[in-house]
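This report refers to the structure that appears directly beneath it.
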């Protein structure tokens with residue numbers, strides 16, 4: 001039983017940061033115990049910050065899944081950079097996620113530079129989290145860990161696997177001890193701050209990422225335009241638009257005789273129906289918005305405040 005009214009209740013925000021595709025979203029999902037952030041093998045899957053709320057006996061930690069740290073190449077990239085820098089600056093705890101299965105890379109160096117020599121360095125303690133220990137070589141892990149530790153002052157090192165959960169509970173217990181006193185930020189039962197429209201859009205985008213390759217993942221934005229009761233009360237009608245930047249990209253997502261779009265819709269419905277508790281009629285369309293990632297007007301209307 002969670003005691004929300006205990007005088008010694010503690011709460012705080014933990015920013016989960018690192019290079020793209022290092023397992024940040026998978027780790028947050030595992031901690032929360034459900035999927036609050038979409039997961040893909042494609043870099044820069046996370047674009048907005050996504051909150052995952054975890055309640056303990058006398059504590060609440062809000063884990064903030066942030067976009068992968070990289071050098072921005074367009075206006076969308078600038079938004080993502082602004083997002084993770086702001087979350088690092090405001091956090092009570094910063095978890096820097098590193099991939100223990102390979103040596104330090106240029107993208108790691110960029111992320112570390114933001115942490116330890118950037119204009120918005122965190123005031124909070126920074127922890128090194130070596131992820132994917134279930135598939136890493138123990139000896140190489142030690143060597144790689146030392147390289148990361150040489151790059152800046154980390155408060156502590158955690159070894160975890162976001163996939164199997166190894167080491168995650170121990171990490172959570174130690175983070176709990178560092179939280180400042182304070183009331184919970186979210187009520188019981190709430191595990192994220194996402195709107196239904198955002199959840200639906202992200203699930204559809206995840207399925208696009210899953211089914212496509214090469215340049216397509218980076219140029220896709222999904223906007224949920226309509227959610228309403230269908231022809232009968234047990235059906236939810238959803239209309240969503242998949243935006244791309246080029247005619248060729250539109251053709252790839254639609255596929256021959258609409259086969260690719262049909263597959264994307266099927267995969268999305270399989271996840272949306274348990275989420276909504278009804279059958280889903282998913283009406284998917286693909287439209288072109290030239291160079292939308294560099295159009296501030298569009299980005300702002302879609303919730304990206306540059």
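The values are calculated or read from the model by the stated rules, or taken from the named source; none is laboratory data. As the structure is a prediction and not an experimental result, all values here were calculated from the model. Every residue, glycine among them, receives a Cβ derived from its backbone with ideal geometry; neighbour counts consider all protein chains shown.
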Exercise. Can you find a residue in segment 290-297 that is crowded, with 16+ Cβ neighbours inside 10 Å, at pLDDT below 95, out of contact with any helix residue (DSSP H, G or I) (no Cβ under 6 Å at 6 or more places or on another chain) and assigned by TED's automatic domain parsing to the domain that holds residue 206?
Worked result: yes
Exercise. Out of segment 190-211, which residues are buried (at least 20 other Cβ atoms within 10 Å of the Cβ) and either free of Cβ contacts under 8 Å to residues at least 12 places away in the same chain or not in a helix (DSSP H, G or I) (or both)?
Worked result: 192
For this session: May I ask you to list the residues in segment 86-103 that are closer than 14 Å to residue 22 by Cβ and either in contact with a strand residue (DSSP E or B) (Cβ under 8 Å, 6 or more places away or on another chain) or outside the structural domain of residue 162 (by TED's automatic domain parsing) (or both)?
Result: 95, 96, 97, 98, 99, 100
For this session: Hey, could you check segment 272-306 for residues that are in a helix (DSSP H, G or I) and closer than 16 Å to residue 239 by Cα and say which is nearest to the chain's Cα centre (by Cα)?
Result: 272
Seminar exercise, completed: Residue count, segment 240-249, condition in a helix (DSSP H, G or I) and under 25 Å from the mean Cα position of the chain (by Cα), comes to 1
Problem set entry | Matching residues, segment 153-184, being in a helix (DSSP H, G or I) and touching a helix residue (DSSP H, G or I) at 6+ places or on another chain (Cβ under 7 Å) | 168, 172
Exercise. Does residue 147 satisfy being assigned by TED's automatic domain parsing to the domain that holds residue 18 and in contact with a helix residue (DSSP H, G or I) (Cβ under 8 Å, 6 or more places away or on another chain)?
Worked result: no
